[in-house]
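Okay, structure first, notes after.
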Amino acid sequence: MEPDDRTEAAVREAFSLLDHEIRLEILLALLEDWHAVYTDPKSYAELMDAVGMRDSGKFNYHLDKLRGVYVRQVEDGYVPTASVTALYRAVLAHRPTDRLEYGPTAIDSACPRCDATAILRYERGFVSVECSACDDWPGFTYPFPKNGFAGRSVRAVARATARRARYHIGLARDGQCPFCAGTTTVDVPLDDVADDNLVEIACDTCTFLVGVEPLSPLLFEERVASALGDVGVDLERYDWELPTPTTRVESQDPVRLALEVEGEAGTATIVVDEALGVRSVAIDR
C-alpha cells in the first residue's frame, strides 16, 4: 500500500502522542497489570502516584492527550486500549537490542529446482531461505522477530517462520490482514498465470504485502488440506517443498483458475475464483 496524506498524518499523530516521558509513564503504569479486557482500572490518584507527579494540571494535560486513543476512562478509573497494547507488543517484539545476523546456515531442506542444500539467513528482521548452489529458485523470505531465535535451533527457526507465514497468508487470503485486521486484496495474474508469476495479497490499510505461489494461501482451507492429504501430499513439509501445481485458466468470466496438484496417491484439482476463494475440489486417484 502506498501511504497517502491521511495515512501519513495518522502515523505522525500516533507517534506524537507518545513523544513525551510523562505520557509513556502513564501508559507503562496502565500496562503493568494488563489482562486484556479484564484489566482492573487504575484510579486517577493511582496513576498520578505511579507517574510520580504532584502537578494535577500538567498531569491532566498529558492524560487528555492519551484519552480515547490509548487510554479509556471507565467507571472506576482508566484502562489501556487494545491500540496501545498492540504497540506495546510490537515494541517488545522488535525492541532495540544487540543486532542479530544469522547465516548462511544449512537446514533440513533442499532447493526445489536443483535439489541442492537450502540455507537460511537472517538479516534486517527477515528469515530468508535460498539455494546454496543455483539462482533458479527465488527462495522464501518472511519477517520474523529476533525473539523467535531464543531457545530454537536453526531448523526450528526455519519451521517456525514457515508456519507463521503460512498462517498469516491464509488469514490474508481470507480477507483479513494478520497485522492490522484491515481488509485485503488478492491480485491473480490471469494473463500469464502458468509462467510462475506470483499471486499478490496486499492489505488495503497497512503495508502488509506478500507474493506467493497460488497453492500456499489455500493450505488452511479445510477442503483443500483434506484433498491434498488424500492424494498423499504431506502438509508438514515446508511450503516450498510441496508439489508445484499445474495451473490453467478455466474461465475469464467468471474467473475460474484450476490448480492440479499431483501427489503419491493421485491428483487433487482445486478451482478458485479471482480472490482465491475455493469453488470446488476434486480428487482423481
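Only the coordinates and a few stated rules stand behind these numbers; no lab work does. Just so we're clear, the structure is a prediction, and the values are computed from it rather than from any experiment. Glycine gets a Cβ as well: all are built from the backbone with ideal geometry, and neighbour counts include every protein chain shown.
Can you say whether Asp187 is surrounded by fewer than 18 Cβ atoms within 10 Å (Cβ to Cβ), in contact (Cβ under 8 Å) with a residue 12 or more places away in the chain and in contact with a strand residue (DSSP E or B) (Cβ under 7 Å, 6 or more places away or on another chain), as far as the supplied structure shows? The answer is yes for Asp187. When Val199 is tested against (1) closer than 12 Å to Leu276 by Cα; (2) surrounded by fewer than 14 Cβ atoms within 10 Å (Cβ to Cβ), just one condition goes unmet, and that condition is (2). For segment 143-167, the set of residues classified as crowded, with 17+ Cβ neighbours inside 10 Å, in contact (Cβ under 8 Å) with a residue 40 or more places away in the chain and within 10 Å of the chain's Cα centre (by Cα) consists of Ala165, Arg166, listed by residue number.
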